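Q: Let me begin by handing over the structure; questions about it come next.
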Amino acid sequence: MTSAALAPFYSFALLALALHLVWSHFAQVLAGGLLATALLAVTTLTCMGVGRLLLKWLLVTHLSESERTLVGGTLGIGLLSQLIFVLAAAGLLKPVAVFALITVLWVSGYTEIREVVLSLRSNRALLGDRPAWTLGLGGLLALSFWTAWTPPHQYDALVYHLELPSLYVRHGGLTTPDYLPFAHFPQNSEMLFSFALLFGSDVLAQLFSWLAMALSVWWLFEMGRREEPLSTAMLACVLLASHTAVMLLSGAAYVETFVMLWLTATVFCFLRWREASVSGESRGWLILAGVFAGLGVGTKYTAALCPAFLTLYMLARRSSRREIVAFAATAAIVGCPWLIKNWIATGNPVFPFLYKQLPYWGPGPGLEIAERYFKFFGEYAPVPGRLIQDLAAFPYLAAIGSTRFGGGADVLGDLGWAPAVALLPAALLAAVRNRELRRVLLYCAAHAAVWYSTAVVLRFLVVLLPLYYLVAAAGLQAVWDPMSTRGRVILGAALSAFLVLNLGLFMHVQSLLSSWGVLVAAEPREVYLSRRLEYFPCARWARENLDKKARILLVGESRGYYLEQEHVPTAAMAPNKFVAWSDEAASSAELNARFIKEGLTHILVAPREFARIQGYGTLNFTDKGWRNWEGLEPNLAKPVYKAQGCALMELAR
């Protein structure tokens, strides 16, 4: 046999050896990430195939193959979230049912899979003409994707974005814990997280957030190059993908990237409807805009601003009644499942909003919970009498990442705003020169005005960035084109400095979170989580040693996600029953008996978190209650495991 004939076999052997060695050294970190990546790829292909079929049914026309896959994929992801909700509402949120669902969707869209794969290559030549832009954008997306492999540790993710899906998975359907006001929020994204947890991968939940961000970038590219030169669309994509808050949120199990996707898709489909209305083939685009608007409402209440403003626009332009009804009704139908669920569970379809005006018949002290929730965000609300001063200071404070607009768990959204602030003059220039871009910027301004008049948390404003950066990039292009070489060098240096700044902030945050060790397999997942979360060693011990039927009271800790047993976390925004029981009990023995009566078997205490949450006013014992509480240990609450930041105790029976 000749050397030429042996070469392929030798090459294959080298590849197999290399992969084996990589796996042997990095299996611990690669296993979870690769499993999540494979599941994401299969799910995304399935959704794209089904979505492309739905586009044919909706008679959406004038689409390139790449656009058809993008729009279809976005539609398919939304469909999957709705179908998971149906299973959860019916009490069928089981692995067998979800596997059957994804199998049916795969079979349904199988005929489109080949076209999906081919369409992903359709822009290859176009992007190849601009290798620097393509490599830069690809590198940013890859970096965000890689850091999404970090084990979930963000506060809100562990309090409810993953905690609620884990409860749904454990119960096989929807359930409403009385200690979480967030249980009544719209949860399309949490349905996708439930899907991920059913397949045993919380990293997949984070990759869904990344997917929503990546699809937003793709929408920006496809729709941007219809309005502006390709270089403008690429610049807008790079600005979005390098925004520090976007990079951080795309690697966390949060909802902002999903709201960003639905809002971006809604506005761009609405613009395509306006463009196609001349030819009389526009209704499909209008229906699509309504679908995406409804998916946004089913993800976060504030996303309702988008269909509200677009409906007002249609009324102002005197669109036909049929068109207005088609858009508004579609958005309402797609967005209403969670509102109906809330009405059934609480009597208020938008709880905790309008809690003073609408009835409440749900579990727990709902009105007090709602009041505490809005009081919590009151620290970010505009200060009466300081509107002019605060507006004047806002651009600078946003640019430097001030925690005035989101501290604690909200700090992820504070970083990377300097380019957005600095490019406001460019955005205004583009709005003056282009009517469609002017409409986009006016929508951003209207949305931002409502945002600023309520809770000024920058994380909630991230959803506007794709639209805003398209307008800003168009303005930069208008400035760039007539410039001399020297001027272009200066402008290019400024933009590069902003890019370095945002990337530097992202790297700095990852270093503060100590993520690099677990990402390069220098640190196991369990060790990383033990460093990041003081209660995790106790949760891990409970998972490995306690009966699965145990029921654990978390004292001082709200992040119950990593406990596999039933548990009752400490609430920062709701009254804690164990405090009232301590106050009511005549003795420590009576308090212990009350705990047993309520089905509790163990207590997990996190002292430092207890001290922090005391500031919220939900852990205020009376003197007698505190004596009863302290009197439990060691005889009535026997320590079974202690770590540096937590203790786990078994209640005496």
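The values are calculated or read from the model by the stated rules, or taken from the named source; none is laboratory data. From a predicted model like this one, the values you see are computed outputs, not experimental measurements. Positions of Cβ are backbone-derived with ideal geometry, glycine not excepted, and every protein chain shown enters the neighbour counts. Surface accessibility is based on the protein's heavy atoms, side chains included, excluding ligands, DNA and RNA. Shrake-Rupley method; radii C 1.70, N 1.55, O 1.52, S 1.80 Å.
This table checks each residue for (1) in contact with a Cys (Cβ under 9 Å, 6 or more places away or on another chain); (2) more than 17 Å from GLY73 (Cβ to Cβ); (3) of a type in the set (D, E, K, R); (4) crowded, with 24+ Cβ neighbours inside 10 Å.
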{"site": "SER242", "(1), (2), (3), (4)": "no, yes, no, yes"}
{"site": "GLU256", "(1), (2), (3), (4)": "no, yes, yes, yes"}
{"site": "MET260", "(1), (2), (3), (4)": "no, no, no, yes"}
{"site": "GLY290", "(1), (2), (3), (4)": "yes, yes, no, yes"}
{"site": "GLY294", "(1), (2), (3), (4)": "yes, yes, no, yes"}
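Q: Need the failing condition index for ALA448 against (1) open to solvent by 50 Å² or more (accessible area, probe 1.4 Å); (2) free of Cβ contacts under 8 Å to residues at least 40 places away in the same chain; (3) small (Gly, Ala, Ser); (4) farther than 20 Å from LEU235 by Cα, just the number.
A: With respect to (1) open to solvent by 50 Å² or more (accessible area, probe 1.4 Å); (2) free of Cβ contacts under 8 Å to residues at least 40 places away in the same chain; (3) small (Gly, Ala, Ser); (4) farther than 20 Å from LEU235 by Cα, ALA448 is out only on (1).
Q: Further question: For segment 303-312: of the residues being open to solvent by 30 Å² or more (accessible area, probe 1.4 Å) and touching a residue at least 40 places away in the same chain (Cβ under 8 Å), which is nearest to LEU286 (Cα to Cα)?
A: Out of the qualifying residues, it is PHE309.
Q: Considering only segment 549-653, give the helices (runs of 4 or more DSSP H) lying wholly within it that have at least 3 residues that are in contact with a Leu (Cβ under 8 Å, 6 or more places away or on another chain) and farther than 27 Å from PRO165 by Cβ.
A: On the way: elements: 577-584, 588-597, 607-613, 623-630.
Output list reads 577-584, 588-597.
Q: Something else about it: Residues in segment 345-359 that are part of a loop (DSSP other than H, G, I, E, B) and either of a type in the set (Val, Ile, Thr) or surrounded by 19 or more Cβ atoms within 10 Å (Cβ to Cβ) (or both): how many? Full working, then the answer.
A: The first filter runs over segment 345-359 and keeps only residues part of a loop (DSSP other than H, G, I, E, B), leaving 347-359.
Adding the requirement that they be either of a type in the set (Val, Ile, Thr) or surrounded by 19 or more Cβ atoms within 10 Å (Cβ to Cβ) (or both) leaves 348, 350-352, 355.
Number satisfying all stated conditions: 5.
Q: Checking VAL104 against (1) farther than 30 Å from ALA539 by Cα; (2) out of contact with any Leu (no Cβ under 9 Å at 6 or more places or on another chain); (3) open to solvent by less than 40 Å² (accessible area, probe 1.4 Å); (4) modelled with pLDDT of 90 or more, only one condition comes out false. Which one?
A: With respect to (1) farther than 30 Å from ALA539 by Cα; (2) out of contact with any Leu (no Cβ under 9 Å at 6 or more places or on another chain); (3) open to solvent by less than 40 Å² (accessible area, probe 1.4 Å); (4) modelled with pLDDT of 90 or more, VAL104 is out only on (3).
Q: Out of all the residues in segment 376-394, which are in a helix (DSSP H, G or I), under 28 Å from the mean Cα position of the chain (by Cα) and at pLDDT below 70?
A: Within segment 376-394, PHE376, PHE377, GLY378, GLU379, TYR380 qualify.
Q: Tell me the residue from LEU83, LEU137 that is open to solvent by 40 Å² or more (accessible area, probe 1.4 Å), touching a residue at least 12 places away in the same chain (Cβ under 8 Å) and of a type outside the set (S, T, N, Q), please.
A: After applying the criteria, what remains is LEU83.
Q: Looking only at residues in segment 602-643 that are in contact (Cβ under 8 Å) with a residue 60 or more places away in the chain and touching a Ser or Thr at 6+ places or on another chain (Cβ under 9 Å), which one is farthest from VAL568 (Cα to Cα)?
A: Per the stated criteria, the residue is ALA643.
Q: Is it the case, given these coordinates, that GLU228 is among the acidic types (Asp, Glu), open to solvent by 20 Å² or more (accessible area, probe 1.4 Å) and out of contact with any Phe, Trp or Tyr (no Cβ under 6 Å at 6 or more places or on another chain)?
A: Criteria met by GLU228.
Q: Answer yes or no as to whether ARG68 is more than 15 Å from MET191 (Cα to Cα), of a type in the set (D, E, K, R) and open to solvent by less than 50 Å² (accessible area, probe 1.4 Å). I'd like the intermediate steps shown before the answer.
A: Values: more than 15 Å from MET191 (Cα to Cα): yes; of a type in the set (D, E, K, R): yes; open to solvent by less than 50 Å² (accessible area, probe 1.4 Å): yes.
In short, yes.
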